[in-house]
Amino acid sequence: MSFVVSSEARERERLILAHLPQVRLLVACMHRRCPRHVEIDDLVSAGVVGLIQAVDRFQPGRHCQVNTFAEQRIRGAILDYLRKLDPVPRSVRRFARQR
């Protein structure tokens, strides 16, 4: 059984593979500020999910480059993952920082 792969699917896969190093770079920067129990592989997984979402939602007509758009989505996905791990709400953390 053979599958016919459209040019859109090939372009999507090409974009995802081309921006994987960007995920690793962002994860490396963010992992330095994380607690020791946070695994780097988990952050990479969350970042790849963000990258896939970015590629799927990217609109070329908006005068923005893919890597700029993807960076924001990747960071957001990683931060969402870290927030899920944190048992303390953000408002409590903010209050503690202000004190």
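Each residue in the range 36-55 was checked for being of a type in the set (Asp, Glu) and over 13 Å from the mean Cα position of the chain (by Cα), and 1 pass. Against the test of being within 27 Å of GLU8 (Cα to Cα) and charged (D, E, K, R), the options ARG62, ARG90 yield a single qualifying residue, ARG62.
Can you tell me which residue among ARG62, ARG75, ARG32 is loosely packed, with under 10 Cβ neighbours inside 10 Å, without any contact (Cβ under 8 Å) to a residue 60 or more places away in the chain, closer than 30 Å to PRO89 by Cα and not acidic (Asp, Glu)? The conditions single out ARG32.
The numbers here are math on the coordinates, done by the rules we state, and not lab data. Keep in mind it's a predicted model, so treat the numbers as computed, not measured. Note that each Cβ is placed from the backbone with ideal geometry, even for glycine, and that neighbours are counted across all protein chains shown.
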